[in-house]
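Colleague: Just passing along the structure, written as C-alpha cells.
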Amino acid sequence: MADVNATDTGAGAKRTATQAPLPRNVKILAAVSFLTDVASELVYPLLPLFLTTTLGVSAAGLGVIEGFAESVSSLLRLPAGWWSDRSGRRKPLVVVGYTIAALARPLIGLAQSAGQVLAIRMSDRFGKGIRTAPRDALIADSVPVEQRGYAYGVHRGSDNLGAVFGPLIAWAALTYQWADLRTLFYWTALPGLLSVIFLIIFVREGPRPLAAPRVVAAASVKQETDVDGLPVPALHHEPDQPLGSAFWRMLAVIFLFTLSLSTDAFLLLRASQLGVPQAMIPILWAALHVVKSSSSFVGGAMSDRFGRRPLILAGWGIYGFVYLGFAVASAEWHAWALFVVYGLYFGFSEGTEKALVADLAPPARRGAAFGWFNAAVGIAALPASILFGVVWDAYGAEVAFTMAAGIAALSSVLFAVLVPAARNGNGQSNAGA
C-alpha cells in the first residue's frame, strides 16, 4: 500500500514535490476528473445558447437553473464529507457520485423544456455533491504535506485539460456535421462510464496518515502513541477536534468571494454579445481551459514553495481585473484576451484553496472540512448567479460585471487581513507571509 497513502513523517516528508512522484490515488483521481470533464465540456459551452435561443430562457432564468443545480450539489457536500470521516471510507461515496453524474448527463439530449434541463442538471450536481468532499479528502490522505499543493494542482490541471478536449470534440463534430447538439449529449456517456470503471478498479483506500499534519497558528498538535510506542492513527485521534478559528475565518471570506462567482455561462453570453460566433464558442472555451490546465499544474507547486496566501490573492486579483474588463469590453478580440487571462485565476487559486483547507484541518476532520468548504462555495453559487442575472436584466451586463469585481476586491482585502500565515507541524509556512 506504499503507493496509495503517504504520511507526513519520515524520509518521505523531506522530499520535495519535484523529487517524489505522486501516489497512484492522485494520478487515478486526476485521470477520472479528466474523463469526467471531457464529458461535461462536450456540451456545456453550448448549453447557455441552447437554453436562451432554443428554449427561450432569460438571463435570470439561466442564473436560476445553474444556481439551483450548484446549490443542490452544495447541500450534500457537508454530510458526505462528514460521513466519510465517521465511516472511515471515502471511496464508496466517490464512486456513487461519479456514477450518478455519468448516468444523468446524457439525458440532456432528451430534454424538451427548461424544467427538464433543470432536473437533469440537478441530478448531475447531486452526484457531484456526494463525491466532491470525500474525493478532496482522499487526495489529502494520500500525499505528504510537502506535495499537497502540487497534488491539488495536478488534479485541477487534469480536470481543466479535459475541458480542453471536450469543446474541441464538440467543435469538430458540429463543424464537420458528425453529430447534432442533442447527439453530443449522448456521446458524454462513454467518457463518463470510463471514469467510473477507472475509479472502481484502480483507486485503493489504505489506513489514514499516522501523523497529524494539521496546520496551526502556533504550536503543533502532539502525536499520541500506544503502549508499544507506535503512533495512534489519525482516524481515531480526537475525531471531534474543532476545525479552529483560522479555518472559519478563511471559509467566511471565501464565501463572500464566491458571491461574485456567478456561473461562467454569463461569460459565454457576454462573449457572444461581443461578436464571438456560435461555432467558435467551443474553441473559446477550450482556449480558456488550456490556460486553466497549464497554470494549475504550476500554481499548485508554487503554493508549496511560496505559500498559499500569495497565490490566492494573486488569483482573486486577476479575477477582479477580468470582470472589470468584461464590463468595459467592446470588441470580439477583447473576449478572447479576457478569457485567456481568466484562466490564470483558476490556476493560481483553485488547487491552492483546497490545499489551504487541508492545511488547516485536522486529519480526522478533513472530510468535514472539505464538506464545509465545498458547501460554502456551492451555497453561494445560487444567490451569486441569480443576483448577477437579475442585475444583468435590469441594468445591463456592464453593471453586473462591475458589481462582481467590487465584491472580489472587498474579499481580497478581508482575506489579507483575516487569514493568517498558518504553519504546519514542521514549522513551515503554508499560507505565505
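Colleague: Only one of 343, 320, 378 is modelled with pLDDT under 90 and either part of a helix (DSSP H, G or I) or under 20 Å from residue 156 (Cα atoms) (or both). Can you tell me which?
Modeller: 378
Colleague: Please name all residue pairs, on different chains or six or more residues apart, with Cβ atoms under 8 Å, provided the first residue is in segment 256-276 and is in contact (Cβ under 8 Å) with a residue 40 or more places away in the chain and closer than 15 Å to residue 333 by Cα and the second residue is acidic (Asp, Glu) and crowded, with 22+ Cβ neighbours inside 10 Å.
Modeller: Cβ pairs passing all conditions: none.
Colleague: Which of the residues belonging to segment 18-72 are assigned to a loop (DSSP other than H, G, I, E, B) and either at pLDDT 85 or above or surrounded by fewer than 22 Cβ atoms within 10 Å (Cβ to Cβ) (or both)?
Modeller: Residues satisfying the conditions are 18, 19, 20, 21, 22, 23, 55, 56, 57, 58.
Colleague: Here is a follow-up. Would you mention how many residues in segment 144-183 are of a type in the set (S, T, N, Q), touching a residue at least 12 places away in the same chain (Cβ under 8 Å) and more than 17 Å from residue 354 (Cβ to Cβ)?
Modeller: Residues in segment 144-183 being of a type in the set (S, T, N, Q), touching a residue at least 12 places away in the same chain (Cβ under 8 Å) and more than 17 Å from residue 354 (Cβ to Cβ): 2 in total.
Colleague: Let me ask something additional. Please work out which one of (1) at pLDDT 85 or above; (2) hydrophobic (A, V, I, L, M, F, W, C); (3) closer than 20 Å to residue 39 by Cα is the condition residue 203 fails and give its number.
Modeller: Status for residue 203: all satisfied but (3).
Colleague: Could you give every pair whose Cβ atoms fall below 6 Å, whose first residue belongs to segment 104-131 and is within 18 Å of residue 184 (Cα to Cα), and whose second residue is hydroxyl-bearing (Ser, Thr, Tyr), counting only separations of at least 6 or pairs across chains?
Modeller: Cβ pairs passing all conditions: 104/123; 105/188; 106/186; 106/188; 109/186.
Colleague: Among the residues of segment 151-159, are any at pLDDT below 85, buried (at least 19 other Cβ atoms within 10 Å of the Cβ) and among the β-branched types (Val, Ile, Thr)?
Modeller: No, segment 151-159 contains no residue that is at pLDDT below 85, buried (at least 19 other Cβ atoms within 10 Å of the Cβ) and among the β-branched types (Val, Ile, Thr).
Colleague: What number of residues within segment 175-189 satisfy the criterion of being under 30 Å from the mean Cα position of the chain (by Cα), in a helix (DSSP H, G or I) and either more than 17 Å from residue 283 (Cα to Cα) or of a type outside the set (A, V, I, L, M, F, W, C) (or both)?
Modeller: Residues that pass the stated criteria total 6.
Colleague: Under 8 Å between Cβ atoms, at least 6 apart or on separate chains: pull out the pairs that start in segment 30-44 with a residue that is under 10 Å from residue 165 (Cβ atoms) and touching a residue at least 60 places away in the same chain (Cβ under 8 Å) and end on any residue that is buried (at least 24 other Cβ atoms within 10 Å of the Cβ) and of a type in the set (Asp, Glu).
Modeller: Hits for this filter: 34/159; 37/159.
Colleague: Here is a follow-up. Those residues that are surrounded by fewer than 23 Cβ atoms within 10 Å (Cβ to Cβ) and among the hydroxyl-bearing types (Ser, Thr, Tyr), I need them from segment 264-295; list them, please.
Modeller: Correct list: 272, 294.
The values are calculated or read from the model by the stated rules, or taken from the named source; none is laboratory data. Here the structure is a predicted model, which means the values were calculated and not measured. Glycine also receives a Cβ, built like all others from the backbone with ideal geometry; neighbour counts cover every protein chain displayed.
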